[in-house]
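The structure under discussion appears below in the form of structure tokens.
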Amino acid sequence: MNNLEEAKKKIRALYGENKKIIGDDYDKSLAVKCINGTFVGKKTNNVIAYKGIPFVGKQPVGELRWKAPVEVIPNDGVYEAYFNAKSPRQNESFSEEASLYVQGEDCLYLNVWKADDVSTEKKPVMVWIHGGAFEMGGTADPLYDCKNFVEENPEVVVVSITYRLGVFGFFHLSHLADGKNYPDAQNLGLMDQMAALKWIHENISNFGGDPDNVTIFGESAGAGSVTLLPLIKGSHKYFQRVIAQSGSPVFTRSAGQAIACTNELMEKLNCKTVADLQKLDVNKFVEASAVLGLRVWPERDGNYLPLNPYEKYANGAAKDIDILQGCNKDELNYFVYGFGVEPYNAWGDARKEMRLAELTDEEKILVESFCKDIKGESYERTSRLFDQAVFIAPLFRLSENQTKAGGKSYTYYFTPEASLPVMRCGHAVELATVLNNPENTIFTGRAFDETFSKTMRKMWVQFAKTGNPSLSADISPDGKAKVWPLYDTENKKVMVFDEFNIHPEKESERKILDWERTYFLTKYYCI
């Protein structure tokens, strides 16, 4: 059996059908009553996991495809919460991992982990939103299992949520002849996340969580999500803090870009209307959507999301939300590693030319000057440019805007390197460290230092508990205090996560961002 087949067998063993429990033959100590049912979890060591809990009243299938999530329906039944539910439908050609999941459009479920203790105080809640370019992933991924995280940090309750992906979650339809009945299709994935947060707000106290002390955190598209959710009307009721790992409002597109993507796929499928799409075999539809790879994002539609998210931050839209955010040193090396050097070079050069076409002549000169100064391997010029444009510049723009508006931003820069060829400190290398799954080395090839990893997690938890990630010596894993300064527009201090030296540093000391030649690129949003 090859490695892919072994991984598929392992992940699919985590999936199963949670059934209704008839009678009283279940462990009452593992049962939690919620609005839409009583759910019975499974205990491992000192952690109880509740998996596959629906957070909507009806799943988005059939006539509900491309419709807003349906409110939960009160239910007095008792149900197993033993297994991960289906992962969202996604294109398996995007990554080998996508083929590992049991998939379905009936995918709007969440998982909860809590310590089995006698604490009567309501605990801070941390809600994980997975990444995958808004096109891939799911909570069934073992990398996102939070059992170890809660076992180490029993003072928090952790939840992971799913949301519709790709052409099911972010597909503009309202411009089509029969599209007026689908006004929300372009941002359904974010609406799903809001529905999950509403369910958490209304039910998490029954799991021992504090509905008024919720931190949403995520990586990549998950980080993009948690920086967009504060800009959605009514969202601040559901969370107070945000942790964004390698993602920002740059991960969005305009209505024009969204419509162009829809039209491109419609032409490929020889479809004219939503009705035509509904008649298609779903597998054919998903396969054809590969043509839109890395161009399916939430839409700045001026309705659900603002036309200019950064302007909203600058005007104080999230000044009451505490933010912790950062990025990795060599983000784009993830794509070099995943694509292979030559395919990446072809993709990177084409992507660069496509985006240069949007710039003014003066801006093009600045970008070319930046690239000319990059030395090293063949892939370095575009990868370092995209590091700046997609991750680093957006990180600092959000910190600048949040700070100027009177809000709080704690900013970090992650540097440990993987042992995999060309990966270095690429996108996603911090995931196993943050979620405490060191045996999962898919993005790292190795586990990072244990004390370093515990310290990083403790900072995440301390931020969720208090709004300040700094650690006093008595709670710091190495016995040494870690003072994480707030970002300010004069000193621009960040917390540098070197593997054996976590310390604050001025951005200018490491020259993380090229303020003159790349900072302006954030106004063009994503690559």
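Bear in mind these aren't lab numbers, they're just calculated from the coordinates by the rules spelled out. Here the structure is a predicted model, which means the values were calculated and not measured. So basically every Cβ, Gly included, is an ideal-geometry build from the backbone, and we count neighbours across all protein chains shown.
A simple spin-label model places pseudo-atoms 7 Å from Cα toward Cβ; at residue 177 and residue 99 they are separated by 3.9 nm. Could you tell me how far the Cα centroid of the stretch 256-292 sits from the Cα centroid of the stretch 396-472, in Å? A separation of 37 Å, based on Cα centres.
Applying 1/(1 + (r/R0)^6) with R0 = 51 Å to the Cβ-Cβ distance of residue 516 and residue 35 gives a FRET efficiency near 0.45. Counted residue by residue at 0.36 nm each, then reduced by the alpha carbon distance between them, the extension gain from residue 341 to residue 284 reaches 17.5 nm.
Ordering 270-281, 477-488 by mean Cβ neighbour count within 10 Å, with the highest value first, yields 477-488, 270-281.
Toward the positive end of the charge dipole of the stretch 454-523, with +1 on the Cβ of Lys and Arg and -1 on the Cβ of Asp and Glu, the farthest Cα among 520, 487, 472 is that of 472. The slack in the chain from residue 294 to residue 5, taken as 0.36 nm per residue of separation less the alpha-carbon distance, amounts to 101.4 nm.
Bridgeable aspartates and glutamates around residue 147 (alpha carbons under 16 Å apart, same-chain partners fewer than 8 residues away excluded): 116, 117, 155, 439. Rounded to the nearest 20 debye, the dipole magnitude of the chain is 740 debye, with +1 charges on Lys and Arg beta carbons, -1 on Asp and Glu beta carbons, and the Cα centre as origin. When the C-alpha to C-alpha distance is required to be over 19 Å, the pairs from 375/506; 28/51; 123/319; 10/58 that qualify are 375/506; 123/319; 10/58.
A crude spin-label estimate for the pair residue 498 and residue 76, with each label 7 Å from Cα along the Cβ direction, gives 6.4 nm. Per DSSP H run of n ≥ 4, the term is -39500 (n - 2.57); total these for the chain, divide by its residue number, and report the mean residue ellipticity at 222 nm rounded to 500 deg cm²/dmol. Taking each H run of at least 4 residues, the total per residue is -8500 deg cm²/dmol. What is the distance, in nm, between label points placed 7 Å from the Cα along the Cα-to-Cβ direction at residue 202 and at residue 371? Taking the two extended label points, one gets 5.1 nm. Each peptide in 302-310, 323-331, 431-439, 7-15 receives the mean, over its residues, of other Cβ atoms within 10 Å, and ordering these scores from highest gives 323-331, 431-439, 302-310, 7-15.
Round to the nearest 0.05 the FRET efficiency obtained for residue 439 and residue 45 when R0 = 22 Å and r is the Cβ-Cβ distance.
0.90
The Cα atoms of the stretch 1-148 cover 46, 39, 32 Å along the three principal axes, with the biggest extent listed first.
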